[in-house]
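Take a look at the structure set out below.
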Amino acid sequence: MITIEGVTKRYGQTVAVRDISFSVERGEILGFLGPNGAGKTTTMRVITGYFPPTTGNVTVCGHSVLDEPIEVKRRIGYVPENPSMYNDMTTIDYLRFVGAVKGVPKAVLKGRVEDTVDRCALKSVVNRRVGELSRGYRQRVALGQALINDPPVLVLDEPTTGLDPKQIYEIRQLIGSMAGERTVILSTHILPEVSMTCNKVVIINEGRIVAVDSTENIGKGLDQTRSISLVARGPFDKIKRCLASIDGVGGVKQEGESYTVETDKGNDLRPLIAKRVVDEGFELLELSSRAMSLEDVFLKLVTVEEEEKTS
Amino acid sequence: MRNIAEIYKREIRFYFTSPIAYVVMIIFTAIFGFFFYRSLIYYSELSYQLMQNPYYGQRIDLILGVFGPVFGNNAIIFLMMIPPISMRLIAEEKKSGTIELLFTYPVKDGHIVIGKWLAAATIVAVMLILTLPAPFMAFGFTQSAEWGPVFAGYLGLFLMGISFLSLGILISALSENQIVAIIISYGVLLGFWFLGWVMDPSSGKTIGKVLSELSIIDHLNNFVKGMIDTKDVVYYVLFIFVSLFLSLRVLESKRWRG
Ligand SMILES: Nc1ncnc2c1ncn2[C@@H]1O[C@H](COP(=O)(O)OP(=O)(O)OP(=O)(O)O)[C@@H](O)[C@H]1O
Ligand SMILES: [Mg+2]
């Protein structure tokens, strides 16, 4: 559906995005995750045809953004990071204007505007000027203008930033409700948002892609380490030494009576650890294992990058 | 076509719901009216005196006597009143960021420029239409109505106004600050105006002739005298075309650089 091939984008001397490639299948919701300044907005602007890439290409539904920008733009609805809309227009006039400019046939425009107003819950503000609306409503109007021509692809740049929890929930519901029918690329730096709404993640840092995977796999697939945390009573250094001596244990961290054990590869060391701790005569109070959360993966990937650079 | 029409309609609606178009139109018609009134008074006194004297009994020309000076002065009012209309066209969208969405809609850049240009040209046309009561009144005075030369004068003013406007769009595309845009517009337009003054074209030097040919004001002279010369029409049309073409180029290159 959408293919990004070797896209590099430079602003003068600064390289914002460096040779990135990934693809999104029909009906997928892709989370585009990265810290501030990673190049998310830049990538989205290339996809939407706002500016061409310095090198590389983007194809949307078989149309290249370089050769057929109009065809690409026809198929994408875009919500920018801080959507600037015509503040002097009323919501309904604005939606009508965008629909007409995007080429919605006259005969169906009225119905389409009504549908969009319903879908984005804008009924109460149709006659208010866009400039007077609250942040939450502005965001819905922005979503409305993206949806007005019923495009198969939606590109949303941090759609929930600056909204209150209720609005965030509603916008996420709205995005979730489009799963399957539309292809969505959604950028964010809020990790739970990705686990909640997306089925695929691309992690980008300093203009480079550091990971691409499904939301479930990204924790285990990328990095096989699991961490096991346990609470045990006894002399700290003895317990630590005992844990470290177990085969397959990577590292041990201690904090009060809690210990975190990093294990490598997939095999589950919990029974072995429990046995050893008890055999050595310490009191085992708790033992649990957890896969890395998206947050861990993210921090890990981003910091690994940083270490590699400094070394 | 529909794209152009929609962008045109939005701009027109903006002009007529914001004070700018009204302010410009009111000041423009007021100054035009004042010049017209002064010329008419002067003209009627002059013709009254001439009628007293049987040797000078011939009719003096309404075109040369009244409309010539009025149209001539009008050039300077246009120079002041058109940049306020053109300055916002692109600069404002860049400043407020609305251009980001506009550029991601399935619309050609050229259609955006043409839609905006047509809207501003409509304002210029309305400004001129508002002054039409003047020739009607003048012809009421003298009965010797001759519309041809007056039409030529209006055509010349319109072409010159649109030229000012097109240059204004180019400058608006180059800047995102409207104040900077308006000041540069004044500077460049005055520059084109003074080109004709740099050297006396009648001095016979080629350079003087060339500069005078490039001057945006000198091409109005024939129109003001009631004559439509193809050379002058071509000048203005070219001026408009080049300005719009460069505006388009600027839009594209700005986007290239981000
Ligand atoms: N118009 C511009 N001119 C020059 N540099 C720019 C421009 N826009 C972005 N950059 C730079 O490009 C890099 C990527 O910026 P981008 O806006 O794409 O990041 P982002 O991932 O969207 O960040 P955020 O989470 O803060 O929105 C940054 O280093 C930024 O400073
Ligand atoms: Mg961004």
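The values are calculated or read from the model by the stated rules, or taken from the named source; none is laboratory data. This one's a predicted model, so the numbers in the text were calculated from it and none came from an experiment. Cβ coordinates were reconstructed from backbone atoms using ideal geometry, including for glycine residues, and neighbour counts include every protein chain displayed. For accessibility, only protein heavy atoms count, side chains too; no ligands or nucleic acids. Shrake-Rupley method; radii C 1.70, N 1.55, O 1.52, S 1.80 Å.
Within the range A:42-59, which residues are open to solvent by 30 Å² or more (accessible area, probe 1.4 Å) and near ligand 1 (Cβ under 10 Å from one of its atoms)? Matches in the range A:42-59: A:Arg45 only.
The residue of the range B:62-87 that is farthest from B:Ile240 (Cα to Cα), among those that are part of a helix (DSSP H, G or I) and touching a Ser or Thr at 6+ places or on another chain (Cβ under 7 Å), is B:Leu62. Any residue at all in the range A:81-92 that is under 28 Å from the mean Cα position of the chain (by Cα), away from ligand 2 (no atom under 16 Å from the Cβ) and either closer than 17 Å to A:Ile171 by Cβ or away from chain B (no Cβ under 11 Å) (or both)? Within the range A:81-92 (the criterion being under 28 Å from the mean Cα position of the chain (by Cα), away from ligand 2 (no atom under 16 Å from the Cβ) and either closer than 17 Å to A:Ile171 by Cβ or away from chain B (no Cβ under 11 Å) (or both)), the answer is yes, since at least one residue qualifies. With respect to the conditions (1) away from ligand 1 (no atom under 16 Å from the Cβ); (2) surrounded by fewer than 22 Cβ atoms within 10 Å (Cβ to Cβ); (3) not in a strand (DSSP E or B), A:Asn82 lacks only one, and its number is (1).
Filtered by the rule that a residue be open to solvent by less than 70 Å² (accessible area, probe 1.4 Å) and either at pLDDT 80 or above or within 13 Å of A:Ile228 (Cβ to Cβ) (or both), the range A:267-300 gives A:Leu269, A:Ile273, A:Ala274, A:Val277, A:Gly281, A:Phe282, A:Leu284, A:Leu287, A:Ser288, A:Ser289, A:Ala291, A:Met292. Screening the range A:168-209 for residues that are open to solvent by 20 Å² or more (accessible area, probe 1.4 Å) and assigned to a loop (DSSP other than H, G, I, E, B) and picking the one that is nearest to A:Gly144 (Cα to Cα) gives A:Ser177. All of A:Gly39, A:Gly34 fail the test of being within 13 Å of chain B (Cβ to nearest Cβ) and within 13 Å of ligand 1 (Cβ to nearest atom), apart from A:Gly39. Only residues that are of a type in the set (S, T, N, Q), free of Cβ contacts under 8 Å to residues at least 60 places away in the same chain and either away from chain A (no Cβ under 14 Å) or open to solvent by 50 Å² or more (accessible area, probe 1.4 Å) (or both) were counted across the range B:1-56, and they come to 6. For the range A:52-74, the count of residues that are within 16 Å of ligand 2 (Cβ to nearest atom) and either away from every other protein chain (no Cβ under 14 Å) or in contact (Cβ under 8 Å) with a residue 40 or more places away in the chain (or both) is zero. When the range A:1-20 is limited to residues that are within 14 Å of chain B (Cβ to nearest Cβ) and away from ligand 1 (no atom under 11 Å from the Cβ), the one that is most open to solvent (accessible area, probe 1.4 Å) turns out to be A:Thr8. One residue stands out among those in the range A:148-164 that are open to solvent by less than 10 Å² (accessible area, probe 1.4 Å) and not hydroxyl-bearing (Ser, Thr, Tyr): the one that is nearest to ligand 1 (Cβ to nearest atom), which is A:Asp157. Inspect the range B:112-129 for any residue being free of Cβ contacts under 8 Å to residues at least 24 places away in the same chain and part of a helix (DSSP H, G or I) and give the result as yes or no. Yes, the range B:112-129 contains at least one residue that is free of Cβ contacts under 8 Å to residues at least 24 places away in the same chain and part of a helix (DSSP H, G or I).
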